[in-house]
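The values are calculated or read from the model by the stated rules, or taken from the named source; none is laboratory data. Not measured: the values here are computed from a predicted model. Cβ: placed from backbone, ideal geometry, glycine included. Neighbour counts: every protein chain shown. Heavy atoms of the whole protein, side chains included, go into the accessibility calculation; ligands, DNA and RNA do not. Shrake-Rupley method; radii C 1.70, N 1.55, O 1.52, S 1.80 Å.
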Number of protein chains: 2
Amino acid sequence: MHESDPTVVQIIDQRRLPHEFVIEDVRTAAEMAIAIRDMHVRGAGLIGAAAGFGMYLAALETAKSRNPSSSLENAAQALLATRPTAVNLALALEQQRKAMADADSAGERIRLALETARAIADDDAECCRKIGIHGLELIRRMAKEKKGKPVQILTHCNAGWLAFVDYGSATAPIYAARESAIPVHVWVDETRPRSQGSKLTAWELGQEEVPHTIVADNAAGHLMQSGLVDLVLVGSDRTTFTGDVANKVGTYLKALAARDNNVPFYVALPSSSFDWTLRDGRKIPIEERGGEEVKYAEAWQNGEVVRIALAPETSRAVNYAFDVTPRHFVTGLITERGICRPNESDILSLFPERSQP
Amino acid sequence: MHESDPTVVQIIDQRRLPHEFVIEDVRTAAEMAIAIRDMHVRGAGLIGAAAGFGMYLAALETAKSRNPSSSLENAAQALLATRPTAVNLALALEQQRKAMADADSAGERIRLALETARAIADDDAECCRKIGIHGLELIRRMAKEKKGKPVQILTHCNAGWLAFVDYGSATAPIYAARESAIPVHVWVDETRPRSQGSKLTAWELGQEEVPHTIVADNAAGHLMQSGLVDLVLVGSDRTTFTGDVANKVGTYLKALAARDNNVPFYVALPSSSFDWTLRDGRKIPIEERGGEEVKYAEAWQNGEVVRIALAPETSRAVNYAFDVTPRHFVTGLITERGICRPNESDILSLFPERSQP
């Protein structure tokens, strides 16, 4: 939030990284919906937090509305429609709905919305911090086997502090290892078409002084065949309570390569990324974005967005943003309550309050 | 070769496609080595043909040399050093060495070198034409099962007529299907970092009016999980006589996804891409190119090369150009003599002259 103006929410416009670090002022729920849809902000946890603050802005806007509940519902629907795959978005909107339901005045609604938005963000940061602690133990065990050589970790897309409120999910254990002076080296998948690996993860790791090397998405198999990867560590946009993992498109291919080469494949996620209603990962809606993200490459340079065509104008492109890694390719899930295996019973053992009575 | 000047070899500078179609004049063996190394020309078959013509240019250059055999050997070594993975290069140089060995004059050497270069190119085109005939039968069988719906073929990189002298290897069956009015649709992997899929294959298929759609390399798994791929069809830069396939990096990941989703995975190759000396694919040398190909995206626009940074300047990148798909993930090999399974005995049944006595 803006330091001196509580009607303005501030976000990092991630589209301009790594070339420029730009803070954007968001003043309405509609602006927040655009920021989420057009990926000024992205990443499972951050989408949830942004939606929470979007509903706070909506509460502010409804202060003088004659039908505030209808206006709030419209804002929630607009925010929900932006990105279909990450479940954190729906969860944050639900939390805000419940929080504001009992408000008996506009002022009270605004106060509750702000409180809830902050709680969502704080909870996200706290979960990621704990994921770091649990994941650190995993890396520590691997480091012992490597006898001083760096633990080689491959990651896909950005599940770092840019994707969450702080720490990140997949990066939290990496940052924790770095703080504990355990040597690590991170293979950063470029992550086409939007290059969140090259543009965001590499930048983040550079800021935190974590040794890393960018590779094309195509290279993960060869790296694993060559014995250069000890651990694959990715985030998740939605994980079923049975352990199927939706994450950035291409994650499934890395999971297949990890299995074929006996490399452990771990998914780090706060419990806000679990879908407690879905048993079959194949039913997770997969966002389809515009084909132009594939046909063009984009970067922010010398104060303007440069976009170059990589393909003939007349060729069609499609752009599925996520894929689903079936549970049997996942070694373990790293959550804020500990590490578990990707199956219903182990997941519900960690989160017993989610068990059906 | 140039129409009116037999001392000039002409190539398509593929770096400028799809934005510009530029013919480049190559006048010396050293220039040809640069054209191969910097990928003005690329693709297993075309590299072989280019090396053949490179040796013809070397023969021309040695006309007044006092030690022609040493000059020719230097030229061959320089050409050989350009790209380590594709075996066609070494084969073409060996054919030229043998052809010129018996020449008793400079004129005779030049005549033999030109004859051999042409034979290598003609043989490549003829092999690809036959690969088209054999692969067509495969597609025809699949088309019957699809009952009028297009056969969905996924390909990686460019194994089209731009990669060979004509027809291409992986594309030859596709073009043959198109000519036979069998409906096909091709999923074109972008193929980062050099985007040969988007830039070359999509352009080629567009020229031939084959319906196609470009996807990010990461998308192949999701496409196959969604039942949208009937056949994976790729080329090869080197295949062991036991059936292990080196091809553009990322091929192995598609093969893993094909296996997990029961999609047939075929490799089309002329026998010039077999390595008859290597039993174990893990011993195929994998070319490592400059990391800047990963950190930047490049395209030719408005008459100049535009290069944009996709990553922080300070981040390191590595760029393995190929990977090896172990034989047990390959359904079949499509060669100029027919289709066989990827094992020593089936391959040698098709090429009995290669059997050790």
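Quick notes on this one:
- Accessible area buried by the pairing of A and B, both sides summed with a 1.4 Å probe, works out to roughly 4500 Å².
- Difference of contour (0.36 nm per residue) and Cα-Cα distance, B:Thr7 to B:Ser105: 33.5 nm
- Taking the Cα centre of region A:1-76 as reference, the dipole from Cβ charges on Lys and Arg (+1) and Asp and Glu (-1) amounts to some 240 debye.
- The Kirkwood radius of region A:158-274, taken over pairs of alpha-carbon atoms, gives through the Stokes-Einstein law at 20 °C and 1.002 mPa s a diffusion coefficient of 149 µm² s⁻¹.
- Residue-count net charge about A:Ala257 - beta-carbon cut-off 12 Å; Lys, Arg +1, Asp, Glu -1: -1
- Cβ-defined net charge surrounding B:Ala202, 13 Å radius [Lys, Arg +1; Asp, Glu -1]: -3
- Label-point separation, A:Lys147 to B:Lys64 (7 Å along Cα→Cβ), nm: 6.3 nm
- Placing unit charges on the Cβ atoms only, positive for Lys and Arg and negative for Asp and Glu, gives the protein assembly as shown a dipole magnitude near 1460 debye about its Cα centre.
- Estimated vicinal HN-Hα couplings, Hz - region B:59-66 in sequence order (Karplus 6.51, -1.76, 1.60; Gly, Pro = x): 4, 4, 5, 8, 3, 9, 6, 7
- Table column - 3J(HN,Hα) (Hz), region B:11-25, Karplus curve with 6.51, -1.76, 1.60, x for Gly and Pro: 10, 7, 7, 5, 5, 8, 6, x, 7, 8, 9, 10, 8, 10, 8
- Counting Cβ atoms of other protein chains within 10 Å of each Cβ in A:250-260 and taking the mean gives 6.
- For chain B, calculated [θ]222 nm from helices alone, where every DSSP H run of n ≥ 4 adds -39500 (n - 2.57): -12000 deg cm²/dmol
- In nm, spacing of pseudo-spin labels at B:Gln207 and B:Arg16 (7 Å Cα→C-beta vector): 1.4 nm
- With a Förster radius of 30 Å applied to the C-beta separation of B:Glu179 and A:Glu313, the computed FRET efficiency comes to 0.70.
- Within 10 Å of the Cβ of each residue in B:295-302, the mean number of Cβ atoms contributed by other protein chains is 4.
- With 50 Å² as the minimum drop in accessible area between chain alone and full protein complex (1.4 Å probe), the qualifying residues in region A:199-219 are A:Thr213, A:Ile214, A:Asn218.
- DSSP-assigned coil residues among GluC sites (Glu not before Pro) in region B:196-251, each with at most 11 further Cβ atoms within 10 Å: B:Glu209
- The orientation-averaged shadow of the Cα convex hull for region B:25-154, equal to a quarter of the hull surface, comes to 9.5 nm².
- Rg ratio (alpha-carbon, reference 2.2 N^0.38 Å) - the protein assembly as shown: 1.04
- Distance from the C-alpha centroid of region A:56-86 to that of region B:47-100: 71 Å, rounded to the whole angstrom.
- The portion of the accessible surface of region A:1-119 made up by carbon and sulfur, rounded to a whole percent, is 51 (1.4 Å probe; DNA, RNA and ligands excluded).
- Sparsely packed trypsin sites (Lys or Arg not before Pro) within region A:146-194, loop by DSSP, other Cβ within 10 Å at most 11: A:Lys147
- Distance from the alpha carbon centroid of region B:311-339 to that of region A:176-195 works out to 24 angstrom.
- Working note: Karplus 6.51/-1.76/1.60 with θ = phi - 60° gives region B:234-245 the couplings 10, x, 8, 8, 6, 10, 5, 6, 9, x, 6, 10 Hz, where Gly and Pro are set to x.
- Counting, for every residue in B:11-22, the Cβ atoms of other protein chains within 10 Å of its Cβ and taking the mean gives 1.
- Surface exposure of the protein assembly as shown, expressed per residue as accessible area with a 1.4 Å probe, stands at 39 Å².
- In nm, spacing of pseudo-spin labels at B:Thr28 and A:Glu137 (7 Å Cα→C-beta vector): 6.7 nm
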